[in-house]
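In what follows, a structure is listed as structure tokens, so that the remarks can point back to it.
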Amino acid sequence: PFELRLARSQRVVMVSAQQTAAQALNAAGIFVPTSCEQGICGTCLTRVLEGECEHRDQYLEPEEQAANDQFLPCCSRARSAALVLDL
Ligand code: FES
């Protein structure tokens, strides 16, 4: 499990091991559009302000993944205890 801290809406959303970050956000009433839910289409791309992502998508280039400033919440997770998102 890890935490999503939402910078703009000032909210904290926990992501359990059983759900994706996008599912946790949508369950908390924060709409993140999704389509493929497999890290391929890029629809759910979200800006990351702080924290270390565990990228599991096939959409971002390796350099983009390494930059650690965006992630795909339909499949990617956090390596750090929390990610701060621009939501
Ligand atoms: Fe397609 Fe996330 S919904 S990459």
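Bear in mind these aren't lab numbers, they're just calculated from the coordinates by the rules spelled out. Because the structure is predicted, anything quoted here is derived from the model rather than measured. In this analysis, Cβ positions are derived from the backbone assuming ideal geometry, glycine residues included, and neighbour counts consider all displayed protein chains.
The radius of gyration of the Cα set in the chain, together with its Dmax, comes out at 11.4, 32 angstrom.
For the stretch 44-87, backbone nitrogen atoms closer than 18 Å to the point 7 Å from ARG11 Cα along Cα-to-C-beta are found at 44-49, 73-74, 83-87. In the chain, Cα pairs under 8 Å separated by at least six residues give a relative contact order of 38 percent.
So how strong a dipole does the chain carry about its Cα centre when Lys and Arg Cβ are +1 and Asp and Glu Cβ are -1, to the nearest 20 debye? The partial results should precede the final answer.
On the way: 7 positive and 11 negative charges, 79 e Å.
That gives a dipole near 380 debye.
Farthest towards the positive end of the charge dipole of the chain, among the residues CYS75, LEU25, GLN65, is the Cα of LEU25, using unit charges on the Cβ of Lys, Arg, Asp and Glu.
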